[in-house]
1. Just give me the residues in segment 140-171 being within 12 Å of the ligand (Cβ to nearest atom) and either in a strand (DSSP E or B) or not polar (S, T, N, Q) (or both), in sequence order.
2. List, please: which pairs have Cβ atoms under 7 Å, are six or more places apart or on different chains, and start with a residue in segment 27-51 that is of a type in the set (Val, Ile, Thr) and open to solvent by 30 Å² or more (accessible area, probe 1.4 Å) and end with one that is in a helix (DSSP H, G or I) and within 11 Å of the ligand (Cβ to nearest atom)?
3. Can you confirm whether segment 280-287 contains a residue that is over 30 Å from residue 120 (Cβ atoms), more than 13 Å from the ligand (Cβ to nearest atom) and either out of contact with any Asp or Glu (no Cβ under 6 Å at 6 or more places or on another chain) or among the hydrophobic types (A, V, I, L, M, F, W, C) (or both)?
4. Sort through 127, 96 and tell me the only one that's farther than 19 Å from residue 146 by Cα and not hydroxyl-bearing (Ser, Thr, Tyr).
5. Residue pairs, Cβ under 8 Å, 6 or more apart or interchain, first in segment 65-84 and under 14 Å from residue 42 (Cβ atoms) and of a type in the set (Ser, Thr, Tyr), second loosely packed, with under 13 Cβ neighbours inside 10 Å and at pLDDT below 95. List them.
6. Just to check your reading of the model, which residue among 267, 241, 227, 234 is within 13 Å of the ligand (Cβ to nearest atom) and on the phi > 0 side of the Ramachandran plot?
7. What tally of residues in segment 1-56 results from selecting those that are outside any helix (DSSP H, G or I) and polar (S, T, N, Q)?
8. Right, residue 174: among the β-branched types (Val, Ile, Thr), within 16 Å of the ligand (Cβ to nearest atom), in contact with a His (Cβ under 8 Å, 6 or more places away or on another chain) and under 21 Å from residue 268 (Cα atoms) or not?
Amino acid sequence: MNTPAPIKLIDGKAAAARVLAEVKAQVADMKTQGIAPGLTVVLVGDDPASHVYVRNKVLRAEECGIQSREHRLPADTSEASLLGLIGELNADASVHGILVQLPLPGHINETRVLQAIDPLKDVDGFHAENVGGLSQGRDVLTPCTPAGCMRLLEDCMGDISGKHAVVIGRSNIVGKPMAALLLKAHCTVTVVHSRSANLKELCRQADIVVAAVGRPRLVDADWLKPGAVVIDVGINRITEGERSRLVGDVDFDSALPKVAAITPVPGGVGPMTIAFLMKNTLTAARLQQEAPCPSIS
Ligand SMILES: Nc1nc(=O)c2c([nH]1)NC[C@@H]1CN(c3ccc(C(=O)N[C@@H](CCC(=O)O)C(=O)O)cc3)C=[N+]21
C-alpha cells in the first residue's frame, strides 16, 4: 500500500475558520456580561484594493457577532478632520476597535493619525505604545498579519523554538512585528530586504521563510532549503495574458516540491489577517473593560 503524500498545503481558510469559531464563542460569552464588541473601520479615499478587504471584514465580523461600522471619507479629507473623528471614536464606549485603512492619501501624516488612536483600541497594533510593548515581549495588541502567520506556523510545526526564521521584508506592518514575534517564540531571526547583499544564500539557511516584500514570485525553489516551511504574505495582482490573478511573493509551483509546507495565495495568510482582526477586537474590548489605566503588563 502506498503511504499518502504528506499534506503540504497550509489551509489558511480552515485555520481562519477555527480562529473565528473561538472568537464567536467568546463574543457570545461577553454579550452575556452586557458588552457587545464593536469594530469601526475608517476609509479615506477610494483605493480599489481596500474594498475586497473591507467587504471580507464586514462579513467575518457579522459571522462572529461583532458589530462593525464604517466611515468612508472623501480623498480630500483634511488631517484635522480625520483626527477629529478619531477623537470621537476614542471617546465612544461602544467602539472597542478602530482601524484606519492604510495607505492614507499623501497629504495626511500617517504616523500622526496612528498615534492619535487610543492604544487600547488600536486593533492594528500600529501605535508606538503597542509597537514598543511587542518589542519588549509584552502581551499587547499585535498586528493582525504577523499574529496570523504565527498561528499558522504553530499549527503546522508546534514548538518553533531554536528554528532559524528568515523574514524577507522590513515593513512596520509585517516584517518588523513578524521578527519580534518569532524572537518571542525563541527562533533565531534574520531579517533580509532589498539591500541585503546575499539575500538568496541567507534564505537558503532558513527552516522558516516568511516572505513579505510585495515582489511577485521573487522566491523560488532555488532560495529554499529542502523541508523548509514557507509563509507567503505577498498579495500581488498580476496580469497574465488576458486575465488578472493574485500571486504571492513565492513562486508556489516551483517551491511546492521542495518544502515541508507552504501557504497558498489566495487562501493562506489573507483570511488569517481578517480572523485576527476579529480576535484583536475582542481582546481590545476586554482590555477596556479591565483597564482604567494604561496597559502595562
Ligand atoms: N490599517 C490597515 N490594516 C490592514 O490590515 C490592512 C490595511 N490597513 N490596508 C490594506 C491591507 C490589505 N489587507 C488584506 C487583508 C486580507 C486580505 C484577504 O483576505 N485576501 C484574500 C484574497 C482576496 C481576493 O480574492 O482578492 C486571500 O488572501 O485569500 C487581503 C488584504 C489588510 N490590510
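The values are calculated or read from the model by the stated rules, or taken from the named source; none is laboratory data. Here the structure is a predicted model, which is why all the values come from computation and not from measurement. Note that each Cβ is placed from the backbone with ideal geometry, even for glycine, and that neighbours are counted across all protein chains shown. For accessibility, only protein heavy atoms count, side chains too; no ligands or nucleic acids. Shrake-Rupley method; radii C 1.70, N 1.55, O 1.52, S 1.80 Å.
1. Across segment 140-171, the qualifying residues are 143, 144, 146, 147, 148.
2. Partner pairs satisfying both residue conditions: none exist.
3. no
4. Only one candidate qualifies: 96.
5. Filtered contacts from segment 65-84: 68/62.
6. 267
7. The qualifying residues number 4.
8. No, not satisfied.
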